[in-house]
1. Are there any pairs with C-beta distances below 6 angstrom linking a residue in the stretch 225-252 that is without any contact (Cβ under 8 Å) to a residue 60 or more places away in the chain to a residue that is part of a loop (DSSP other than H, G, I, E, B) and surrounded by fewer than 17 Cβ atoms within 10 Å (Cβ to Cβ), with the two at least 6 apart or on different chains, and if so which?
2. So Gln90 fits all but one of (1) loosely packed, with under 13 Cβ neighbours inside 10 Å; (2) in a helix (DSSP H, G or I); (3) modelled with pLDDT of 80 or more; what number is the exception?
3. Using the structure shown, decide if Phe70 is buried (at least 18 other Cβ atoms within 10 Å of the Cβ), assigned to a loop (DSSP other than H, G, I, E, B) and of a type in the set (Phe, Trp, Tyr).
4. Against the condition closer than 16 Å to Ile99 by Cβ, surrounded by 15 or more Cβ atoms within 10 Å (Cβ to Cβ) and at pLDDT 90 or above, how does Ala155 come out, does it pass?
5. Look through the stretch 161-206, keep the residues that are at pLDDT below 80 and aromatic (Phe, Trp, Tyr), and return whichever of them is farthest from Ala97 (Cα to Cα).
6. Since Ala19 meets every condition but one in (1) under 30 Å from Leu123 (Cα atoms); (2) surrounded by 15 or more Cβ atoms within 10 Å (Cβ to Cβ); (3) at pLDDT 80 or above, which condition does it not meet?
7. So, in the stretch 194-229, exactly how many residues are in contact with a helix residue (DSSP H, G or I) (Cβ under 7 Å, 6 or more places away or on another chain) and outside any loop (DSSP other than H, G, I, E, B)?
8. For the stretch 231-312, which helices (runs of 4 or more DSSP H) that fit wholly inside it have 3 or more residues that are exposed (fewer than 11 other Cβ atoms within 10 Å of the Cβ) and at pLDDT below 75?
Amino acid sequence: MHRYPFLRLLLPFITGIIAGDFLFFHYQSIWLRLFLLLLICSTLSLPVLHSLKKYSLRWLFGIFVYICFFSAGAVLISWRLQQVSYVFPQSEAIYRAVITDRPEAKKRTVLCRVRLLECRDSLSIAFPCKNVLLYFPKDSTSNSLQNGDEFLFSARLSPSRNNDNFNAFDYTCYLTHKAVSGIGFVKAGNWAVTTHNSYHSLRQIASRCQERMLLFYAQLGFQDDEHAVLSALTVGHKEELSEEIRESYSISGASHVLALSGLHIGLLYGLFLFVLKRIPSKKVGMKLFRITIILILLWGFAFITGSDMNYE
């Protein structure tokens, strides 16, 4: 701890994030205000406590620094999660939205993550700028949807709700952490594509890079299960994995291999380092050059794989 003083500040900050995340789903408005008040009070108290001359009271400064970082972490995560919350109209409304991810084909529906640009109901017009999940009936029209399509649709959207079963998966919490404000089903004939948005967000760019990688694998001749496993291991695309493959990996105790994690980052780091060390050079800046290249490659890998959408 004494060798790494910033670690002593990081621990209360992380603890505050964990506490704020847990308490948000119980008393979100109360706890956010409480943590914000605690952050302001502790921050204002620091100059006063730092000026104390009595040595026996100097420990108070350290305590309030911890409180300040703890409350900062709690306020940060609570504010971020509260930005996801949105009160949708109770009745069906007309929305304008843009698809921000590659549409995902299910058995009977097509799932799209979209960003709401405009909401019109009988009373007002709003610009929510929130992410929602839309399900379309699977047909030739919905199968033609692409990342970046801007469209109008009429539907009743609502925040996700968990099952009454206490032991069930907390789907609402999961979607909130994914910055998804609500879900809805769009009936056939209640939507129409108006234009293709030429502007691409970072998520859309990453999704397009992933699509090109999947197309490249297909052009190399990989098919069926081979293509599915390769896509999952390299770009985090797990939609094509069959139940048989998932079950076989689970039985063998290697299901974690299909989920991209720090293990893959460590293997890539070792591979890149091994390759770059083959470059002969005695210059002082070569070590910095290797580290820079490795960081760029690893961040590029995380950028592409991190865009994959899985809301099942």
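The values are calculated or read from the model by the stated rules, or taken from the named source; none is laboratory data. Since we're looking at a predicted model, the values are computed, not measured. Using ideal geometry, Cβ is built from the backbone for each residue, glycine included, and neighbour counts are taken over all protein chains shown.
1. If the second residue must be part of a loop (DSSP other than H, G, I, E, B) and surrounded by fewer than 17 Cβ atoms within 10 Å (Cβ to Cβ), the pairs left are Ala228/Glu240; Ala228/Leu241; Leu230/Phe222; Ala232/Leu241.
2. (2)
3. Judged against the criteria, Phe70 is not a match.
4. yes
5. Residue satisfying both the conditions and the ranking: Phe166.
6. Failing condition for Ala19: (1).
7. 11
8. none
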